[in-house]
């Protein structure tokens with residue numbers, strides 16, 4: 001019996017999972033919580049219908065392995081965990097699409113290469129602030145010292161929380177062995193942005209993930225009474241931050257990247273006082289490392305020029321840096337071809353702005369690609385997140401084609 | 001015995017009060033607290049040395065009355081209460097300078113008119129958010145309904161707190177009788193701004209208080225992932241607020257007023273998200289009512305133009321409005337003359353940006369003027385607030401001259 005791929009079953013599975021692990025505010029599958037465990041139990045029951053070996057590794061990742069003629073492995077993966085009040089697609093779409101592809105491959109008998117499906121542990125980092133937990137451990141860059149100090153808002157430490165799920169942070173990086181035979185890593189995900197929708201395209205082949213430069217700037221001027229200080233004697237820190245934010249937009253546009261000032265805080269932050277201090281975050285992203293560096297350099301120069309003109313000081317503090325992570329050129333070609341096959345010859349290559357577990361696989365040297373499916377209005381991380389059913393079905397078909405092409409490539 | 005005016009005694013009194021009611025963070029004479037009561041007990045002991053009648057009125061204001069030949073009254077006043085972590089001059093300088101002038105007048109025997117010194121209750125509104133409590137009650141515009149609903153951060157209601165100080169909010173406006181015979185109101189205060197210092201002048205005659213328009217604007221765009229949304233598809237509410245703040249500065253400069261955006265709040269206010277919402281406060285002030293209205297109209301037009309260009313919406317909510325309050329032209333002339341007499345012929349006429357109890361007296365129809373003394377670096381409402389001793393002494397001498405001129409005017 002040769003089972004056919006059934007994309008509608010993926011949607012049915014997604015709805016079943018949502019019904020089991022959501023409330024009126026959305027998905028509640030936060031990693032290292034009982035609801036996440038419930039999701040995984042449900043998922044294990046699905047896996048039990050297939051001729052696969054199931055194993056949780058040292059970092060809490062859940063692996064399903066269909067042995068093939070070769071031990072060389074094609075890995076498909078994504079994550080079941082969600083942010084609090086999350087959507088019905090972010091993460092679990094990739095796992096359940098992978099599950100459907102695995103069903104289809106398993107039904108055909110022994111594949112030429114080993115095929116594995118991984119449900120990464122704690123992609124979102126929603127509870128402890130450490131995203132990509134499981135995939136980072138497998139990539140060997142978990143940063144044990146930092147992770148061991150993390151605690152949730154109730155004061156529960158990460159090492160204690162993960163221990164109840166059978167994970168010891170001290171030995172988590174032993175999970176590196178999982179990618180010893182990895183030949184390729186494929187991940188399907190919703191776009192979480194508006195690009196495909198704005199182009200009226202259902203699917204995109206992802207060329208890599210943006211590099212990220214995240215900093216906090218603090219402008220310091222002089223607090224002053226809103227009534228008592230004439231305009232020409234003020235040193236208003238907020239106006240410097242306002243000018244900086246507008247400069248960041250121009251820089252990002254000119255360089256073809258993105259720049260965001262998402263958090264802003266005045267001191268004293270009252271209606272009747274000129275801000276003596278203003279702290280503002282800067283998040284800049286670009287696919288090209290040199291362009292990303294140029295953006296940050298320009299932003300720094302702009303902040304200093306503005307500060308000089310406004311008579312305030314400015315200080316920078318780095319929050320986070322991650323270099324651009326290009327995906328494998330050949331796999332991008334295969335993904336592009338798979339999309340064209342199911343979508344009347346039309347595909348689109350695009351970078352990913354958000355981070356994904358795929359970054360960790362690419363960083364670890366596993367040839368990697370992602371396939372994006374359109375997000376309606378670019379929404380994610382809330383219950384309004386959605387994608388048209390016909391696009392979901394098309395995505396499953398393209399992902400299945402991609403898996404076949406990657407298997408053939410690995411077998412060759 | 002005719003006592004001479006002793007300006008140094010005012011400084012000694014200020015230091016004594018500071019020692020009694022401050023801690024390492026500054027003055028703690030917040031109205032309706034034990035430290036404020038301690039300040040008033042100390043002040044009552046000073047008054048007890050003078051031939052004056054002392055009375056607390058229905059609104060908690062403390063009056064000292066030196067009966068004169070006429071029942072027509074010259075009133076001097078200010079406030080002993082401070083903000084938390086306040087300075088050593090804001091408010092109490094005016095009371096203790098008035099006390100010194102009262103000593104000098106009392107020592108000369110029965111004055112031609114009745115002379116009164118008032119310590120207004122709760123000028124700052126630091127605990128309940130209602131400034132000018134006592135003077136508003138005397139002016140007959142306390143707004144009982146609003147005041148009765150106020151509570152401090154511990155949930156203590158204003159009516160309950162003031163009751164422990166012998167004040168019943170229901171009957172507080174009976175204190176209006178205090179100004180039945182008022183002929184003039186004089187108030188000395190630190191400038192709380194940098195204007196006099198920037199002009200190298202010690203003293204200024206205040207022509208009135210700025211009108212105030214205070215609003216909150218909320219720009220609503222679309223929250224978006226900082227990585228996933230290209231610049232051209234964003235509707236960033238914070239950038240609209242940033243453009244608005246810069247427009248406000250230009251409008252205020254052009255119109256000769258002041259405009260401040262002191263508080264700003266993004267939603268969701270995280271480094272990795274474009275702000276879907278940004279609430280920003282606007283505080284505009286001008287001495288001229290028509291110019292103030294023009295400023296607000298221009299700001300509103302600017303906010304709508306920016307919102308249109310940025311693809312966001314903007315909504316306005318009024319927080320507070322107060323019309324400009326000019327002081328009495330003749331008293332301003334007398335104040336100007338008094339300053340010139342003690343300062344080598346040099347004076348300066350200026351508006352007040354901050355609000356003062358004098359506004360309430362002027363509003364109630366009492367001929368009113370204020371005398372400002374230079375603030376170092378324009379600082380107030382913190383422990384760094386300061387004024388040179390020689391300027392304080394000069395201010396006391398000018399205020400004494402002003403009191404004499406005002407008495408002569410009332411007696412004539």
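Structure values in brief
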{"read-out": "Failed item in (1) on the phi < 0 side of the Ramachandran plot; (2) more than 14 Å from chain B (Cβ to nearest Cβ); (3) out of contact with any helix residue (DSSP H, G or I) (no Cβ under 6 Å at 6 or more places or on another chain), with residue A:348 passing the rest", "value": "(2)"}
{"read-out": "Helices (runs of 4 or more DSSP H) wholly inside segment A:1-107 containing at least 2 residues that are closer than 20 Å to residue A:355 by Cα and in the same structural domain as residue A:157 (by TED's automatic domain parsing)", "value": "A:92-107"}
{"read-out": "Conditions (1) at pLDDT 95 or above; (2) in contact with a helix residue (DSSP H, G or I) (Cβ under 7 Å, 6 or more places away or on another chain); (3) under 30 Å from residue B:400 (Cα atoms); (4) within 11 Å of chain A (Cβ to nearest Cβ); number of the one not met by residue B:193", "value": "(1)"}
{"read-out": "Some residue of segment B:324-345 being assigned to a strand (DSSP E or B) and surrounded by fewer than 24 Cβ atoms within 10 Å (Cβ to Cβ)", "value": "yes"}
{"read-out": "Among (1) without any contact (Cβ under 8 Å) to a residue 60 or more places away in the chain; (2) over 17 Å from residue B:134 (Cβ atoms) - the single one residue B:95 does not satisfy", "value": "(2)"}
{"read-out": "Within segment A:223-235, tally of residues that are farther than 17 Å from residue B:354 by Cβ and more than 8 Å from chain B (Cβ to nearest Cβ)", "value": "1"}
{"read-out": "Segment B:151-167, subset in contact (Cβ under 8 Å) with a residue 60 or more places away in the chain and surrounded by fewer than 13 Cβ atoms within 10 Å (Cβ to Cβ), residue nearest to residue B:360 (Cα to Cα)", "value": "B:166"}
{"read-out": "From B:399, B:372, residue being assigned by TED's automatic domain parsing to the domain that holds residue B:101, in contact with a helix residue (DSSP H, G or I) (Cβ under 9 Å, 6 or more places away or on another chain) and either under 30 Å from residue A:276 (Cα atoms) or assigned to a strand (DSSP E or B) (or both)", "value": "B:372"}
{"read-out": "Test: residue A:373 is more than 18 Å from residue A:87 (Cα to Cα) and either buried (at least 21 other Cβ atoms within 10 Å of the Cβ) or away from chain B (no Cβ under 13 Å) (or both)", "value": "no"}
{"read-out": "Residue A:360 within 14 Å of chain B (Cβ to nearest Cβ), out of contact with any strand residue (DSSP E or B) (no Cβ under 7 Å at 6 or more places or on another chain) and not in a strand (DSSP E or B)", "value": "no"}
{"read-out": "2 or more residues touching a strand residue (DSSP E or B) at 6+ places or on another chain (Cβ under 7 Å), outside the structural domain of residue A:380 (by TED's automatic domain parsing) and surrounded by fewer than 21 Cβ atoms within 10 Å (Cβ to Cβ): qualifying strands (runs of 3 or more DSSP E) within segment A:186-294", "value": "A:211-220, A:264-267, A:277-286"}
{"read-out": "Residue within segment B:375-391 that is over 29 Å from residue B:283 (Cβ atoms) and part of a helix (DSSP H, G or I) present", "value": "yes"}
{"read-out": "Scope segment B:297-312; condition part of a helix (DSSP H, G or I) and touching a helix residue (DSSP H, G or I) at 6+ places or on another chain (Cβ under 9 Å); matching residues", "value": "B:298, B:299, B:302, B:303, B:305, B:306, B:307, B:309, B:310"}
{"read-out": "Checking residue A:209 against (1) more than 28 Å from the chain's Cα centre (by Cα); (2) touching a residue at least 24 places away in the same chain (Cβ under 8 Å); (3) more than 7 Å from chain B (Cβ to nearest Cβ), the condition it does not meet", "value": "(1)"}
{"read-out": "Within segment A:298-333, tally of residues that are over 13 Å from residue A:259 (Cα atoms) and out of contact with any strand residue (DSSP E or B) (no Cβ under 7 Å at 6 or more places or on another chain)", "value": "9"}
{"read-out": "Members of segment B:237-268 found to be in contact with a helix residue (DSSP H, G or I) (Cβ under 7 Å, 6 or more places away or on another chain), within 19 Å of residue A:282 (Cβ to Cβ) and at the interface with another protein chain (Cβ under 8 Å from one of its Cβ atoms), listed by number", "value": "B:238, B:239, B:242, B:243, B:245, B:246, B:264, B:266"}
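The values are calculated or read from the model by the stated rules, or taken from the named source; none is laboratory data. Only a predicted model underlies this, so the values are computations on that prediction, with no experimental measurement involved. For neighbour counting, all protein chains shown are included, and Cβ atoms are generated from backbone atoms with ideal geometry for every residue, glycine included.
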